[in-house]
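Q: This is the structure, below, for whatever I ask next.
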């Protein structure tokens, strides 16, 4: 567990289990950040699952990764040397701006190996991403 300024916290987890000719690994993290500026934080979750197994000369590795991000983005304050104004520099002129994103990636890598030489390998994969983004623009 990590904690920091601006309401930051992050927890990580992992689980590993070897079997006879199999192995399983699950790991990920959950993060919350309140943001330096007003209404500028984010929440994010990530998980990864890896399963590997071997049967005679066949090796198979399956991977699944998923993420979720909910972010409130901050705009830029305007004006000459406004960053020096302690009350103003943490204001967010674009509190309506955000980014919400989810993604899933998966693949299976199948290999046939003989005498330390890979004779056959195939890696089918899948990926999906969805994002909603209300952006703001740089002042220039």
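The values are calculated or read from the model by the stated rules, or taken from the named source; none is laboratory data. Values in this document were obtained by computation on a predicted structure and should not be read as measured data. Note: ideal-geometry Cβ built from the backbone for every residue, glycine included; neighbour counts use all protein chains shown.
Q: State yes or no: is residue 71 crowded, with 16+ Cβ neighbours inside 10 Å and in contact with a strand residue (DSSP E or B) (Cβ under 6 Å, 6 or more places away or on another chain)?
A: For residue 71, the condition - crowded, with 16+ Cβ neighbours inside 10 Å and in contact with a strand residue (DSSP E or B) (Cβ under 6 Å, 6 or more places away or on another chain) - is met.
Q: With respect to residue 78, is the statement that it is in contact (Cβ under 8 Å) with a residue 12 or more places away in the chain, farther than 22 Å from residue 31 by Cα, loosely packed, with under 14 Cβ neighbours inside 10 Å and touching a helix residue (DSSP H, G or I) at 6+ places or on another chain (Cβ under 9 Å) true?
A: In short, no.
Q: Hey, can you tell me all the residues within segment 93-140 that are free of Cβ contacts under 8 Å to residues at least 12 places away in the same chain and either in contact with a strand residue (DSSP E or B) (Cβ under 7 Å, 6 or more places away or on another chain) or surrounded by 10 or more Cβ atoms within 10 Å (Cβ to Cβ) (or both)?
A: As a first pass, look at segment 93-140 and keep what is free of Cβ contacts under 8 Å to residues at least 12 places away in the same chain: 115-120, 137, 140.
The answer is 118, 119, 120.
Q: Does any residue of segment 78-90 turn out to be at pLDDT 90 or above, within 27 Å of residue 10 (Cβ to Cβ) and outside any strand (DSSP E or B)?
A: No, segment 78-90 has no match at all.
Q: Within segment 53-65, is even one residue out of contact with any strand residue (DSSP E or B) (no Cβ under 6 Å at 6 or more places or on another chain), more than 18 Å from residue 33 (Cα to Cα) and assigned to a strand (DSSP E or B)?
A: Checking segment 53-65: at least one residue is out of contact with any strand residue (DSSP E or B) (no Cβ under 6 Å at 6 or more places or on another chain), more than 18 Å from residue 33 (Cα to Cα) and assigned to a strand (DSSP E or B).
Q: Next question, about the same structure. Would it be correct to say that residue 11 is more than 19 Å from residue 105 (Cα to Cα) and at pLDDT below 95?
A: no
Q: All but one of (1) at pLDDT below 85; (2) in a loop (DSSP other than H, G, I, E, B) hold for residue 74; which doesn't?
A: So the condition that residue 74 fails would be (1).
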